[in-house]
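Engineer: Here it is, the structure in full.
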Amino acid sequence: MTSIKETHLIQERPPVTRHSRRSTWLKINDRLFKYTTWISASLLMITLAAIILFIAKTGFLVFGDVSVVDFFFSAEWAPDEEKYGSAIFIFGTLALTLLTLLIATPISVGIAVFMAEIAPERLKRALNSLLNLLVGIPSIVYGYLGLTVLLPFLRKVTGQPLADGLLASAIVLAIMVLPTITTISSDAISFVPREYREAAYGLGATRLQTIIYIILPAARNGIISAIILGMARALGETMAVVMVIGNVAQWPNGLFTPTAVLTSNIVMQILNVQYDSTWNYALYMMAFILLIISLFLIILIRLMRPKGV
Amino acid sequence: MMKHEAMSRHRKVTWALNGLGTMIFWLIGVLAMLFIVWLLVTILAKGLPKLSFEFLYSLPEELDEGGGIGPVLFNSFYILILSLLLSIPIGIGAGIYLAEYAPKNRFTQLIRICVEGLASVPSIIFGLFGMALFVYYFQIGLTILGGAVSLALLNLPVLTRVTEESIRAIPAGLRESAYALGATKFQVIRTIVIPAAFSGIVTGISLAAGRAYGESAVILLTAGTSHSGRMWDFNLFSPGETLAVHLWYIQSEAIVPDAREIADKSAAVLVFVVLLINLLLRIPVWLNERKFKL
């Protein structure tokens with residue numbers, strides 16, 4: 001039986017034509033392309049893994065010479081005397097990020113509400129393009145403007161001799177994260193279903209009441225994500241901050257004391273140190289702290305997102 | 001009577017507040033717009049009027065006045081193009097995988113987390129990574145190659161996300177009709193998906209290019225603050241100071257007497273080029289949109 005079936009099949013097999021050769025070729029192409037895209041996606045994963053590995057591997061070497069407690073809690077950063085306490089920089093980064101968000105959040109959310117709820121269509125589009133331009137300005141240019149425009153202005157207003165420090169850096173960073181927070185919040189506000197607004201207006205609420213009691217609470221998760229993304233950007237910003245923070249390893253006992261943050265300290269010193277020195281390891285460890293915080297923030301945003309999106 | 005009066009007073013207050021609120025929102029919005037315009041005008045007005053053609057192509061000076069930005073401007077474009085050549089195929093490939101092929105499982109979720117995570121990694125960390133890799137592991141020093149590869153890594157997540165988003169925005173009917181004609185998945189992607197998502201992808205590339213062009217932290221740590229001292233140096237192993245890094249160098253370390261003026265002009269050129277990149281790369285988008293409208 002089987003042998004008859006097989007011979008039958010052999011007889012039935014169509015002759016190799018141009019068409020079938022083409023379809024085999026198409027199938028191979030199809031497969032090849034799929035694997036190429038898969039490799040591309042995996043490359044991104046490998047990149048992140050390699051970055052974490054390299055930074056961690058170099059960074060953790062610092063604990064061979066410096067105790068963990070000293071590194072995280074000592075404020076004495078004096079590489080010449082083998083003292084590698086990075087408490088000032090960690091505190092500086094956290095304080096600067098907080099101050100930046102305090103300045104940027106109300107303004108950004110205000111602009112977002114204006115864009116999504118109040119502005120006429122044309123103005124909304126103009127504002128959107130302007131915000132995109134703001135994103136495009138390189139961070140080094142922000143730093144330069146901070147140095148040449150903001151600092152002289154602050155000196156005149158406050159009477160401080162130098163004026164570099166947390167406030168100047170926070171103002172520069174606030175301008176930089178403003179487009180991020182604004183555009184994402186504005187999207188979140190636009191996603192609030194129309195019915196919510198109509199229900200509120202139907203009950204006789206004014207627009208301001210609708211915005212405060214209905215729209216902002218409904219868009220809360222999106223706005224918080226926007227703020228966290230802004231935070232991630234503020235944490236890691238380097239070149240703009242380094243030009244206005246003052247770069248002195250001392251506690252900021254005011255808004256106008258020159259101080260330093262993790263990023264500014266890394267970039268100021270990394271080019272002048274030996275690779276296999278404790279100093280260098282300490283700088284990589286600081287980078288590792290930044291890396292962990294920013295990855296944590298991203299996971300936080302993912303957890304806040306509703307499932308299945 | 002009393003109750004009625006109280007209510008109407010309450011109503012008046014609410015509506016007055018509403019008016020005040022609206023006014024404040026308008027004020028914030030309009031002030032923000034004016035501020036952004038002022039910012040751009042300040043940067044450009046400080047530098048562009050003093051700009052000469054000679055400044056753009058002559059060599060920088062170490063001690064005397066009148067230096068130009070020729071080699072660093074060249075390096076900026078050279079590194080940008082190299083980094084885009086490396087990152088565009090991989091970024092778009094990864095975006096296509098996530099949008100078209102990725103099954104719903106833990107591995108895909110992991111890739112997504114990695115893309116988002118990579119997008120949030122501070123640029124200085126890409127710089128430190130590039131430095132560890134090229135300067136100390138491969139021992140090639142601060143080079144154009146190291147800068148370009150590190151910058152490409154920075155671009156990857158942006159390109160991937162934009163590609164995925166623009167592909168997802170394509171209506172399903174477009175794809176289904178191609179499958180109905182017997183096309184393979186690759187054919188559908190090549191002839192339907194990519195052309196339809198083209199404008200979105202190009203916008204993404206322009207965003208990435210603008211960001212990469214102005215990036216300084218990565219280049220500072222991987223390509224250094226010096227250049228080879230002559231124009232049109234295509235050698236991948238030359239030091240590769242870019243315009244953005246040059247602005248930093250001029251501001252912090254240079255001792256030329258006209259540092260301030262050079263910095264002003266460099267900042268203006270930087271912003272002008274970024275604006276130009278955003279504008280130029282939109283031209284194919286306009287053309288493409290017109291094609292799809294028909």
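Engineer: Identify all residues within the stretch A:254-288 that are outside any helix (DSSP H, G or I) and either of a type in the set (G, A, S) or touching a His at 6+ places or on another chain (Cβ under 9 Å) (or both); write none if there are none.
Structural biologist: Residues of the stretch A:254-288 that are outside any helix (DSSP H, G or I), as a first pass: A:254-261, A:273-277.
Of everything in the stretch A:254-288, those that are outside any helix (DSSP H, G or I) and either of a type in the set (G, A, S) or touching a His at 6+ places or on another chain (Cβ under 9 Å) (or both) turn out to be A:G254, A:A260, A:S277.
Engineer: Moving to a separate point now. Report yes if some residue within the stretch A:238-253 is at pLDDT below 90, assigned to a loop (DSSP other than H, G, I, E, B), away from every other protein chain (no Cβ under 12 Å) and crowded, with 18+ Cβ neighbours inside 10 Å; otherwise report no. Walk me through how you get there before you give the answer.
Structural biologist: Taking the stretch A:238-253 first, the residues at pLDDT below 90 are A:246-253.
Applying the additional criterion that residues be assigned to a loop (DSSP other than H, G, I, E, B) yields A:247-253.
Those still in the list that are away from every other protein chain (no Cβ under 12 Å) too: A:248-253.
Still in the running and crowded, with 18+ Cβ neighbours inside 10 Å: A:249, A:252.
Within the stretch A:238-253, one or more residues are at pLDDT below 90, assigned to a loop (DSSP other than H, G, I, E, B), away from every other protein chain (no Cβ under 12 Å) and crowded, with 18+ Cβ neighbours inside 10 Å.
Engineer: If you don't mind, another one. For the stretch B:124-147, name all the residues that are at the interface with chain A (Cβ under 7 Å from one of its Cβ atoms) and not aliphatic (A, V, I, L, M).
Structural biologist: Hits for the stretch B:124-147 are B:F129, B:Y136.
Engineer: I'm trying to understand the selection: among the residues of the stretch B:185-208, which are surrounded by 23 or more Cβ atoms within 10 Å (Cβ to Cβ) and facing another protein chain (nearest Cβ under 10 Å)?
Structural biologist: Within the stretch B:185-208, B:I189 is the sole residue that qualifies.
Engineer: Checking the condition within 11 Å of chain B (Cβ to nearest Cβ), over 18 Å from A:G92 (Cβ atoms) and in contact (Cβ under 8 Å) with a residue 12 or more places away in the chain, which residue from A:L229, A:L283 passes?
Structural biologist: Values: A:L283 fails: over 18 Å from A:G92 (Cβ atoms).
It is A:L229.
Engineer: Note down all Cβ pairs under 7 Å where the first residue falls in the stretch B:118-147 and is modelled with pLDDT under 95, the second is surrounded by fewer than 19 Cβ atoms within 10 Å (Cβ to Cβ) and among the small types (G, A, S), and they're at least six residues apart or on different chains.
Structural biologist: What qualifies is B:V135/B:G141.
Engineer: Let me ask something else. I'd like the full set of residues that are crowded, with 20+ Cβ neighbours inside 10 Å, farther than 21 Å from A:V273 by Cα and hydrophobic (A, V, I, L, M, F, W, C), limited to the stretch A:65-98.
Structural biologist: A:L96
Engineer: Something else now. Of the numbered conditions (1) more than 23 Å from the chain's Cα centre (by Cα); (2) touching a residue at least 24 places away in the same chain (Cβ under 8 Å), B:L44 fails exactly one; give the number of that condition.
Structural biologist: Every condition holds for B:L44 apart from (1).
Engineer: Follow-up question, since we're still on this one. Specify which of the listed residues (A:L235, A:L229, A:L203) is at pLDDT below 95 and more than 28 Å from B:A119 (Cβ to Cβ).
Structural biologist: Working: A:L235 fails: more than 28 Å from B:A119 (Cβ to Cβ); A:L229 fails: more than 28 Å from B:A119 (Cβ to Cβ).
Criteria check complete, one pass: A:L203.
Per-residue answers, yes or no, for (1) in contact with an Asp or Glu (Cβ under 9 Å, 6 or more places away or on another chain); (2) in a helix (DSSP H, G or I); (3) of a type in the set (S, T, Y); (4) within 14 Å of chain B (Cβ to nearest Cβ):
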{"residue": "A:R21", "(1), (2), (3), (4)": "no, yes, no, no"}
{"residue": "A:D30", "(1), (2), (3), (4)": "no, yes, no, yes"}
{"residue": "A:K34", "(1), (2), (3), (4)": "yes, yes, no, yes"}
{"residue": "A:I39", "(1), (2), (3), (4)": "no, yes, no, yes"}
{"residue": "A:L44", "(1), (2), (3), (4)": "no, yes, no, yes"}
{"residue": "A:K57", "(1), (2), (3), (4)": "no, yes, no, yes"}
{"residue": "A:D70", "(1), (2), (3), (4)": "yes, yes, no, no"}
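Engineer: So for the stretch B:234-241 (the condition being surrounded by fewer than 20 Cβ atoms within 10 Å (Cβ to Cβ), over 28 Å from A:N272 (Cβ atoms) and facing chain A (nearest Cβ under 10 Å)), does at least one residue qualify?
Structural biologist: Here is the first cut: in the stretch B:234-241, the residues surrounded by fewer than 20 Cβ atoms within 10 Å (Cβ to Cβ) are B:234-237.
Applying the additional criterion that residues be over 28 Å from A:N272 (Cβ atoms) yields B:234.
Of the ones still in play, those that are also facing chain A (nearest Cβ under 10 Å) are none.
Among the residues of the stretch B:234-241, not one is surrounded by fewer than 20 Cβ atoms within 10 Å (Cβ to Cβ), over 28 Å from A:N272 (Cβ atoms) and facing chain A (nearest Cβ under 10 Å), which makes the answer no.
Engineer: Please enumerate the residues belonging to the stretch A:72-86 that are assigned to a helix (DSSP H, G or I), closer than 26 Å to B:F126 by Cβ and under 28 Å from the mean Cα position of the chain (by Cα). Spell out how you get there, then give the answer.
Structural biologist: Taking the stretch A:72-86 as the starting set, the residues that turn out to be assigned to a helix (DSSP H, G or I) are A:72-73, A:79-81.
Subset that is closer than 26 Å to B:F126 by Cβ: A:72, A:79.
Selection gives A:F72 alone.
Engineer: On the basis of being surrounded by 18 or more Cβ atoms within 10 Å (Cβ to Cβ), in the same structural domain as A:I299 (by TED's automatic domain parsing) and assigned to a helix (DSSP H, G or I), does A:I224 make the cut?
Structural biologist: On the way: surrounded by 18 or more Cβ atoms within 10 Å (Cβ to Cβ): no; in the same structural domain as A:I299 (by TED's automatic domain parsing): yes; assigned to a helix (DSSP H, G or I): yes.
Taking the combined requirement at face value, the residue does not satisfy it.
Engineer: Could you please find all residues in the stretch A:34-45 being surrounded by fewer than 21 Cβ atoms within 10 Å (Cβ to Cβ) and over 20 Å from the mean Cα position of the chain (by Cα)?
Structural biologist: A:K34, A:Y35, A:T36, A:W38, A:I39, A:S42, A:L43
Engineer: I've got another one for you. Would you point out the residue of the stretch A:197-212, among those that are assigned to a helix (DSSP H, G or I) and within 12 Å of chain B (Cβ to nearest Cβ), that is surrounded by the most Cβ atoms within 10 Å (Cβ to Cβ)? Show your work before the answer.
Structural biologist: Residues of the stretch A:197-212 that are assigned to a helix (DSSP H, G or I), as a first pass: A:197-202, A:207-212.
After this cut, where a residue has to be within 12 Å of chain B (Cβ to nearest Cβ) as well, the list is A:201, A:207-212.
Values: A:Y201: 14, A:R207: 18, A:L208: 19, A:Q209: 18, A:T210: 21, A:I211: 23, A:I212: 15.
My answer is A:I211.
Engineer: Would you check if there is a residue in the stretch B:286-294 being within 23 Å of B:G47 (Cβ to Cβ) and touching a residue at least 40 places away in the same chain (Cβ under 8 Å)?
Structural biologist: no
Engineer: Please state which of the following conditions A:A232 fails to meet, knowing it meets all the rest: (1) over 25 Å from A:Y142 (Cβ atoms); (2) of a type in the set (A, V, I, L, M); (3) assigned to a helix (DSSP H, G or I).
Structural biologist: Status for A:A232: all satisfied but (1).
Engineer: Which members of the stretch A:103-157 meet the condition of being at the interface with chain B (Cβ under 9 Å from one of its Cβ atoms), surrounded by fewer than 16 Cβ atoms within 10 Å (Cβ to Cβ) and farther than 18 Å from A:L178 by Cα?
Structural biologist: Scanning the stretch A:103-157 gives a single hit, A:V149.
This table checks each residue for (1) touching a Ser or Thr at 6+ places or on another chain (Cβ under 8 Å); (2) of a type in the set (F, W, Y); (3) closer than 30 Å to B:P171 by Cα.
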residue: B:E100; (1), (2), (3): yes, no, yes
residue: B:Q109; (1), (2), (3): no, no, yes
residue: B:P122; (1), (2), (3): yes, no, no
residue: B:G141; (1), (2), (3): no, no, no
residue: B:I144; (1), (2), (3): yes, no, no
residue: B:R161; (1), (2), (3): no, no, yes
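Engineer: Condition check: small (G, A, S) and at pLDDT below 90. Does B:A32 satisfy that?
Structural biologist: no
Engineer: Which numbered condition trips up A:L94, out of (1) within 21 Å of B:I125 (Cβ to Cβ); (2) touching a helix residue (DSSP H, G or I) at 6+ places or on another chain (Cβ under 8 Å); (3) without any contact (Cβ under 8 Å) to a residue 24 or more places away in the chain?
Structural biologist: A:L94 satisfies all of (1) within 21 Å of B:I125 (Cβ to Cβ); (2) touching a helix residue (DSSP H, G or I) at 6+ places or on another chain (Cβ under 8 Å); (3) without any contact (Cβ under 8 Å) to a residue 24 or more places away in the chain except (2).
Engineer: Here's another thing I want to ask about it. Could you go through the stretch B:65-87 and let me know if any residue there is assigned by TED's automatic domain parsing to the domain that holds B:T203, β-branched (V, I, T) and assigned to a loop (DSSP other than H, G, I, E, B).
Structural biologist: Our first condition is that a residue be assigned by TED's automatic domain parsing to the domain that holds B:T203; within the stretch B:65-87, this holds for B:65-87.
Narrowing the set further to residues that are β-branched (V, I, T) leaves B:69, B:72, B:79, B:81.
After this cut, where a residue has to be assigned to a loop (DSSP other than H, G, I, E, B) as well, the list is B:69.
Checked against the condition, which is being assigned by TED's automatic domain parsing to the domain that holds B:T203, β-branched (V, I, T) and assigned to a loop (DSSP other than H, G, I, E, B), the stretch B:65-87 yields at least one hit.
The values are calculated or read from the model by the stated rules, or taken from the named source; none is laboratory data. Everything numeric here is computed off the predicted structure, so don't read it as measured data. Neighbour counts are summed over all protein chains in view; Cβ atoms, including those assigned to glycine, are modelled from backbone coordinates with ideal geometry.
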